[in-house]
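Heads up: the structure comes next, in structure tokens.
The values are calculated or read from the model by the stated rules, or taken from the named source; none is laboratory data. If you're wondering where the values come from, they're calculated on a predicted model, not measured in any experiment. Every residue, glycine as well, gets a Cβ built from its backbone with ideal geometry; the counts of neighbours run over all protein chains shown. Please note that ligands, DNA and RNA were not included when accessible areas were found on the heavy atoms of the full protein model with its side chains. Shrake-Rupley method; radii C 1.70, N 1.55, O 1.52, S 1.80 Å.
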Amino acid sequence: MSIQPPATLVGQAVVCGIAVAAARFVPVPLLDDAIRLRATQVAVVRTLRANDRTYASKQVAALYEGADGGIFSDAAKYLRSVPRRVVLFPVRKYVAIFGAVKGVPTDVMKVVLLSRVIHRSLQQGRLTEPGEDEAKALRRAYDEALKGMDLSLLKAAIADGLSQGRKLTPAAVKFARGTFAKPGATDETDAADLRPDGEVGESAERVEEALNRPEIQRILERFDEQFERALENPQK
């Protein structure tokens, strides 16, 4: 059964994914992990809220921290106390084509797929109440689905949407730091604008268009099926 996420939710996940990828270019140790963590968390929060789940995302932290948990603990602590002068550290002049950098399309893809399977699970009645064990089970199934599929065509489509110009890299870094490196942000205080203009917004729109291609939609639906199989038959 295909349960398509609404276009708005897909767009928000793409923008969060761009921020996760942009963290690769942040020249401050720990701040890069903190941005990755926060941007992924915001994608999860938006997916929860779009499905009328009002509990705090930290109650299902495994969804964005990973099933094993704790791997981002240092980054989370850093983000809560990061000095403003570090957040505003000058942006370097980047010349790399964003979508051509190894790992960047994968970063965006992972956030999009994570939001997709969470939306699917919530639509099916899972996580009506916060539950650590259920959140871990969903995250493990997602991780297993990622390992069990060849997603090279999906990554290539995303890369194509992100490779239209050189201006995206500095714009994405500036957006990621300005939006996801705010000390003390919570679900309630977060007011991240996930409809950015300029290069980030235009690139997000191109990625969304790529995701709507019929051949890419078929891949996404196969990923849904892979996720369901992994959920029904968890790895020991």
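Here are the numbers:
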quantity	calculated
Environment charge of E221, counting only residues whose C-beta is closer than 14 Å and scoring Lys/Arg +1, Asp/Glu -1	+2
Mean Cβ count within 10 Å, highest first, over the residues of peptides 211-224, 126-139, 33-46, 169-182	33-46, 169-182, 126-139, 211-224
Environment charge at K136 (Cβ cut-off 13 Å; Lys +1, Arg +1, Asp -1, Glu -1)	-4
Among the listed pairs K58/K110; K58/K155; K58/K167; K102/K147; K147/K167, those beyond 27 Å (Cα-Cα)	K58/K155; K58/K167; K147/K167
Probe 1.4 Å, protein heavy atoms only - accessible area per residue of region 15-63 in square angstrom	30 Å²
